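The values are calculated or read from the model by the stated rules, or taken from the named source; none is laboratory data. Just so it is clear, the model here is predicted, and its values are computed rather than measured. Virtual Cβ from ideal backbone geometry, glycine too; neighbours counted across all protein chains shown.
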Amino acid sequence: MGRKYDALGVYLHIPFCVQKCKYCDFLSGAASGDAMSEYVSALSQEIMQKANQYRDAYEVCTIYFGGGTPSLLPAKDVNELLELLRQQFVIAKNAEITLEANPGTLNQDKLKMYLAAGINRLSIGMQSTFDDELRLLGRIHTYQEFLDQYKLAVKLGFSNINVDLMMGLPGQTLTRLEQSVNRLIDLEPKHISVYSLILEEGTAFAKLYQQSDLPQEEIERTMYDHTRQLLEQAGYIQYELSNYAKPGYESRHNSSYWIGIEYLGLGLGASSYMRQTRFKNTDDMKRYKKCPGEPSETEEITKRMQMEEFMFLGLRMSTGISYEHFHASFGISLNEVYQDVIEKHVSNGLLTICENEKGRRLKLTKKGMDVCNYVFADFIAENK
């Protein structure tokens, strides 16, 4: 028999952008070629260090290049980082390897090199099909540029593409959002992510707008429900609160976060969850280059915290939470810990209990999805 490895997801943070989008609060910024080269060198050192710690126990099932704008990085660097991962870790034969891309930084040569390097999933940040909305967001591409690069990627052989769409923008109407959704449906990407705009503290948007400038809560809820209806009618399955996929094309990497698979974050500010411990790399670029992979924050995850995360992450998924899985994970029944809050939200129509041959599951209803944070907060409060 072959050796038994635990599953692991690997995230690589590429913190560079042409310019920072007005709504973005991710750890990112502009960079020169020298800065990117120095960063890749430090990231390579971290890969080797972490491999020495973990390679014997884990098989990497998913790899995700996030940012920032990973497609701003020279394609040869992406290839070299993947080659180093293959040398240092056990990589599953069917590993999902995703790269986030901005349409304004893609071209034919890059896309060909990504395919040759083994990238088998692209996540393209379209955000809107209207150029005035793209300018509002501070995006560097036009809708036509997105179309050109999307169609080129499909032509070259990318069969698994996610496209990001944003809703709840200042001045956005339901009609305009519907047009963007329908245009996207016509392109038939295998996966679509739909995110609501959030005014994050410290961003350009937070300085330009107030919450009152965004669509009212009831209008945004209508936008969410209408988007879900359009996508489901087009054959997409809502498998998570913000994510839709054609059957079999759910994001395996992102799903691993929601179902509790361990993950290793590499790069500036990247977070990891390994062996009941959460740790985070420094946000300071100079310090990271000097000591790549040295955690700046470490937190032991208690059993109580694990149960909380099991609940509010698992309930994000349309499949919900397995009563049997909870008991197997924590040695205590779900009802012993959460019976009161479950009964409360089943009675108010926000949660439902389903039973079939696979066992008993707890799920959000569609009404519950609309007010999910209210439900999640109760599970955390119940466990204090």
In the set Gly314, Gly359, the lone residue that is more than 30 Å from Arg221 (Cα to Cα) and touching a residue at least 12 places away in the same chain (Cβ under 8 Å) is Gly359
In the set Leu111, Leu165, Leu122, the lone residue that is over 15 Å from Arg183 (Cβ atoms), in contact with a strand residue (DSSP E or B) (Cβ under 9 Å, 6 or more places away or on another chain), among the aliphatic types (A, V, I, L, M) and outside any helix (DSSP H, G or I) is Leu122
Filtering region 48-71 down to residues that are outside any strand (DSSP E or B) and farther than 19 Å from Tyr114 by Cβ yields Met48, Gln49, Lys50, Ala51, Asn52, Gln53, Tyr54, Arg55, Asp56, Ala57
Filtering region 131-147 down to residues that are surrounded by 15 or more Cβ atoms within 10 Å (Cβ to Cβ) and either part of a loop (DSSP other than H, G, I, E, B) or modelled with pLDDT of 95 or more (or both) yields Gly138, Arg139, Ile140, His141, Thr142, Tyr143, Glu145, Phe146, Leu147
**Q.** Selection status of His325, surrounded by 15 or more Cβ atoms within 10 Å (Cβ to Cβ) and more than 29 Å from Arg275 (Cα to Cα)
**A.** no
Among helices (runs of 4 or more DSSP H) completely within region 248-332, the ones holding 2 or more residues that are within 14 Å of the chain's Cα centre (by Cα) are 252-259
